[in-house]
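**Student:** Questions regarding the structure given below will be posed in turn.
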């Protein structure tokens, strides 16, 4: 009941907006199940930027351009905002580009490449430079040790607590990057620097 009420309220807000930009992405869950998320972005009458997730749903179908286009059309039709779509922001995978060509032809929806994804494509060759990969690879292996060992993780947690001046300090986990995004690589290295002293203390005790 609450979901239906919220959805009805959102539908009204969207119908009142003349120009809506959509962002969409297909992503895997930890259970290796595919999902698609569509988010609407628009300015209201007070010029306040709004962003609402229209839908996150399982996408077990083949990720062809035709299937993606059909899924996006279904979501937009559910909110009755077909004529309000000004642009769809997306990544540059071949199937996604194909789906946007279909939607442009059928409904006149324009598309725009995601700047963050473009940046990833620009930075990816940089991570393959020997001087960088030489220290990135050991960092991933090092973090993998903690990710696969409960004992090691608990020991690192104790070291953080012992070395913190805050008795209620939050345990900061190590972060492992992923090959499709650049920002987790940055966060991985940043976290290693932040935890350098607890990590050093852990290895001193382990040796």
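**Student:** Report the antiparallel proportion of the DSSP beta bridges in the chain as a percent, rounded to a multiple of 5.
**Tutor:** On the way: 17 of 24 bridges.
Around 70 percent antiparallel, to the nearest 5.
**Student:** Please give the helix 150-163 orientation as an angle from the longest Cα principal axis of the chain, in degrees from 0 to 90, rounded to the nearest 10.
**Tutor:** Roughly 80 degrees between the two axes.
**Student:** How many angstrom lie between the C-alpha centres of the range 111-188 and the range 1-59?
**Tutor:** 30
**Student:** Tell me, in nm to one decimal, what length is gained between residue 169 and residue 13 on full extension, where the rule is 0.36 nm per residue of separation less the Cα-Cα distance?
**Tutor:** Working it through step by step, the gained length comes to 52.0 nm.
**Student:** Quick one: angle between helix 196-206 and the longest Cα principal axis of the chain, in degrees between 0 and 90, rounded to 10, please.
**Tutor:** The two axes meet at around 50 degrees.
**Student:** Okay, moving on. Taking the chain as a Gaussian network, Cα atoms linked when under 10 Å apart, which of 56, 153, 39 shows the biggest mean-square fluctuation?
**Tutor:** 153
**Student:** Something else now. Decide, for the range 1-112, between rounded, prolate and oblate: order the square roots of the alpha carbon gyration tensor eigenvalues as a ≥ b ≥ c, take rounded if a/c falls under 1.5, and otherwise choose prolate if a/b is larger than b/c, else oblate. Numbers along the way, then the final one.
**Tutor:** Numbers: a/c = 1.92, a/b = 1.31, b/c = 1.46.
Note, shape of the range 1-112 comes out oblate.
**Student:** Also, quick follow-up: With an 8 Å cut-off on Cα pairs and a minimum separation of 6 or more residues, tell me the relative contact order of the range 2-119 in percent.
**Tutor:** Details: 179 pairs, mean separation 28.1, N = 118.
Value for the range 2-119: 24 percent.
**Student:** Among 99, 149, rank each residue by its count of other Cβ atoms within 10 Å, from fewest to most, as a rough exposure measure.
**Tutor:** Numbers: 99 26, 149 12.
By the 10 Å Cβ count, ascending: 149, 99.
**Student:** According to the square roots a ≥ b ≥ c of the eigenvalues of the Cα gyration tensor, what is the shape class of the chain, taking rounded for a/c under 1.5, prolate for a/b larger than b/c otherwise, and oblate for the remainder?
**Tutor:** Values: a/c = 2.65, a/b = 1.90, b/c = 1.40.
Prolate, since a/c reaches 1.5 and a/b exceeds b/c.
**Student:** Rank 131, 34, 139 by mean-square fluctuation in a GNM of the chain with C-alpha springs under 10 angstrom and give only the top-ranked residue.
**Tutor:** Maximum fluctuation in the GNM of the chain, among the listed residues, is at 131.
**Student:** If you don't mind, there's one more thing I want to ask. Using a 10 angstrom cutoff on alpha carbons, build the Gaussian network for the chain and name the most mobile of 91, 82, 168.
**Tutor:** 168
**Student:** If one takes the longest principal axis of the Cα atoms in the chain, at what angle in degrees, from 0 to 90 and to the nearest 10, does the Cα axis of helix 94-107 lie?
**Tutor:** 20
**Student:** Right, next: So for the range 127-206, averaging the separation of alpha carbon pairs under 8 Å that are six or more residues apart and normalising by length, what relative contact order in percent results? Walk me through the numbers before you get to the answer.
**Tutor:** Details: 46 pairs, mean separation 21.8, N = 80.
Averaging sequence separation for qualifying contacts and normalising by length gives 27 percent for the range 127-206.
**Student:** Sticking with this structure for a sec: Evaluate the relative contact order of the chain (contact order divided by residue number), counting alpha-carbon pairs under 8 angstrom at least 6 apart; express in whole percent. Provide the component values of the computation, followed by the final result.
**Tutor:** Working: 232 pairs, mean separation 27.6, N = 207.
Once normalised by length, the contact order is 13 percent.
Here, each number is a calculation from the coordinates, and none is a lab measurement. Being a predicted model, the structure only gives us computed values, none of them experimental. A quick note on method: Cβ atoms are made from the backbone with ideal geometry, for glycine too, and the neighbour counts reach across all protein chains shown.
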